[in-house]
Amino acid sequence: MNEELVYLYGFSTRKQMYLDNLLGIVSEQTENKVSIAIVLIHDGVIGTSQSGTIPSLLDKLLSLSVSVFAMTPDLLARGIEPNTVDPRIKCIEYDELVDILAQTPKVASWM
Amino acid sequence: MNEELVYLYGFSTRKQMYLDNLLGIVSEQTENKVSIAIVLIHDGVIGTSQSGTIPSLLDKLLSLSVSVFAMTPDLLARGIEPNTVDPRIKCIEYDELVDILAQTPKVASWM
Amino acid sequence: MQILAITIYSKKIYFVNMVVFTFVVCAEPYKFEALDTMLNLGQAILKKGHQILGIYFYGSGVYSAKRDIKLSSSMRDLPKRLENFIEGNNMELFACSTWMNFTGLKPEQLIENASQVGLGDLSKWMAESDRVIVFGPGG
Amino acid sequence: MQILAITIYSKKIYFVNMVVFTFVVCAEPYKFEALDTMLNLGQAILKKGHQILGIYFYGSGVYSAKRDIKLSSSMRDLPKRLENFIEGNNMELFACSTWMNFTGLKPEQLIENASQVGLGDLSKWMAESDRVIVFGPGG
Amino acid sequence: MVKSVIILCEDSPIGKNSAIEAIRMGAGIMAVGDLEECKIIFMGDSVYFLSKYFNPEKVNMDVPSNIFRMMELSDLDVYVLDSALEIAGIKQSDLVEFDNVKVASNKEISRFILEADITYRY
Amino acid sequence: MVKSVIILCEDSPIGKNSAIEAIRMGAGIMAVGDLEECKIIFMGDSVYFLSKYFNPEKVNMDVPSNIFRMMELSDLDVYVLDSALEIAGIKQSDLVEFDNVKVASNKEISRFILEADITYRY
């Protein structure tokens, strides 16, 4: 919980194009040992469940040394059970999101 | 020019998800010897130029026995030179689109 | 059916019948290109002698039928283009009454000759049309 | 800076300072979820004791600040929620004047306590904020 | 002369209003009796709409019970693409229980589109 | 306190108004003098906007000369991702000729985002 930058990513990870761009940038940033958090919000939570197919680009993102979160309310709204979410993702509530936003100096809104 | 069904496809072929769905359906329809036309319109013309990278799903679509058209005005508006478009695609003007729409009994608007 | 033209393509002869179109537009203007393409395609359809029964605006497409907007001088005037298009070609323009409510648009805010109706009128048009072209909500 | 709380996480102690937020909303209501999330996140931010300077509506986001819409009984009343949110928490709501013009929205059609301003006011807010969260145009 | 209509949905039902509007539109055009048939096809991310666990209240959005009632009362046939359900991890037993909601294969949906007079994506 | 801003564009400049609005917004927030810096980054399908062959008049849409003037007159730095240009098949010599339009690598853009106070996608 001492990341320098947090991304709020709000697009279905099954829409390849946008995730491609995020992945390219975050890969580069983590290579330089910058500590990054990514919060999957809105349709960004789609594709995170192990009950279904996890898109390969999301899998790549999860293999980087970044902290990845998913918004529990967004999961539940879509009927996705947080228990089934890939264990590399931490499911969080709005009050935890607020703490992340307050404690991370920089926010990138990608939604 | 005696297709049974014409699709008007209006999304960037670099947005994988939508093209996936179209490809699945059209593949099935052509297997059953149905004659299909696809008109790439709006952002659907993106990805057609051999000067750039042709998305692999578009390439798959072009390898099916379907007639694929691209709207010349949409290409030119985006600065894509019709001469560079994959030769499996026929570039057409609005008046040719009207003929296709008038002569093909069924239209699917995917845009 | 009225025969409009005979065209020859790939050594075959085609008789082009007069075809009746209906348009449905579901995206807002200036953000997505749906309305622009509808106008471009509409002009080409009429030029070839086919008919357009009308244009139905659904969802945030209803914003496309609003008059009295203030544009900068370099921007195309879409409400005016639309007004000219339907007036010059004697066709109807309907905005979905449900979405007029959801957006708070009033009938008097619509462009010249446009009116609000329910989806029943769209189905009537569909049943009278040979082709229906739908410009989706965009995005 | 005002310290709001001390939290312990992974055996480390964190001092939580009061953080000042600004929101920007660029999508229309009922079509995209931007406005809903803004309200959810906004409530959570205030509950934790942080501050929100204001909400700026840009692009077709300006439709979100319109009052006087007619919803069906099963629909959430977003203009009312927004009105309650800014009124109960003493914050400002601005709609971009350029986009008010492009959409033909009039200041008197905006919800209670909302007003139209230029982008200069947004940059002033940005300069006074610790965090700016932007809800994009959607799609 | 159009008699049968197909509406396609591909987008997430929370992120965008497409699923709800496809049904509202389908029910609306079927109400008067000018058309004979309307099928709504859910594929891609839209399939979450038909999960019995779909719960927009979790993000303070509208419960779709009214929309489902519209769907039931009208003569809409709602189909959901089997492979899209699999990708989303939704089992058939997880689907909302309505008589007019059925699972269909890509083969069937491809045929539906060929049979219908018009098809459009909302 | 925010002093520097980055706006990201990913969408096609004809299909959606994102490219134009990103510049309008960037120019607008830089006009008053509260902020020190604003960079606009074009990637994905948005890069067609910066091709010198970009020509919206072909579909009867607005010529972006006003928007380009806005871009020039304000202190905006406009960057375009090199790999996105390559995918689109746009050579550097095909780019509009403005002093404030520059090609940047993924490495550079990644650094810009780290350096800026806030980043957002329009």
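Where a number appears in this text, it was derived from the coordinates with a stated rule and is not lab data. Bear in mind that the values here come from a model prediction, so they are computed numbers and not experimental data. Note that we place each Cβ from the backbone using ideal geometry, even for glycine, and neighbour counts take in every protein chain shown.
Observations on the structure shown:
- Label-point gap, in nm, between D:Asp77 and A:Thr84 - each point 7 angstrom along Cα→Cβ: 3.7
- Stokes-Einstein diffusion of the range E:51-122 at 25 °C, 0.890 mPa s viscosity, Kirkwood radius from Cα pairs, rounded to a whole number: 176 µm²/s.
- Residues of the range B:1-27 falling in the label zone of E:Lys107, defined by backbone nitrogen less than 17 Å from a point 7 Å along Cα to beta-carbon, are B:24-27.
- In this simple spin-label model, placing a label point 7 Å from the Cα along the Cα-to-Cβ direction at both A:Thr30 and C:Ser115 gives a separation of 6.1 nm.
- Percent breakdown of C-alpha pair distances by 20 Å bin, ordered from the shortest bin, for the protein assembly as shown: 17, 54, 27, 2, 0
- For the axis carrying chain E to chain F: nearest C-beta residue of E, whole Å: E:Lys16, 7
- Using a 7 Å projection from Cα along Cα-to-Cβ, the label point at B:Ser51 is separated from the same position in the remaining copies by 4.8 nm, smallest value first.
- In this structure, the pairs whose alpha-carbon distance is over 19 Å, taken from C:Lys66/E:Lys16; B:Lys33/E:Lys107; C:Lys66/C:Lys106; E:Lys39/E:Lys102; B:Lys106/C:Lys31; C:Lys31/E:Lys16, are C:Lys66/E:Lys16; B:Lys106/C:Lys31.
- Rg to Rh quotient for chain F, alpha carbon positions, Kirkwood Rh: 0.94
- With 10 Å bins from 0: P(r) over chain D, alpha-carbon pairs, percent: 12, 41, 31, 12, 4, 0
- Pseudo-label separations to other copies for F:Asp99 - Cα-to-Cβ vector, 7 Å, nm: 7.4
- Debye log10 I(q)/I(0) for chain A, one point scatterer per Cα, at q = 0.20, 0.21 Å⁻¹: -1.04, -1.15
- Computed from the alpha carbon atoms alone, the convex hull of the range D:63-137 holds 117 Å³ per residue.
- Axis between B and A by rotation; chain B residue with nearest Cβ and distance in whole Å recorded as B:Gln16, 2.
- For B:Leu64, the label point sits 7 Å beyond Cα toward Cβ; its separations from the matching points on the remaining copies run 3.4 nm, from shortest to longest.
- C from D by rotation - nearest chain D beta carbon to the axis, in Å: D:Gly139, 1
- Where a label projected 7 Å from the Cα of F:Asp75 along Cα→Cβ would reach, residues of the range D:102-124 with amide N under 19 Å: D:119-124
- The range D:93-139: equivalent-ellipsoid semi-axes (sqrt of 5 x gyration tensor eigenvalues, Cα, Å): 21, 14, 10
- Relative contact order (percent, whole number), chain C, Cα cutoff 8 Å, 6+ residue spacing: 31
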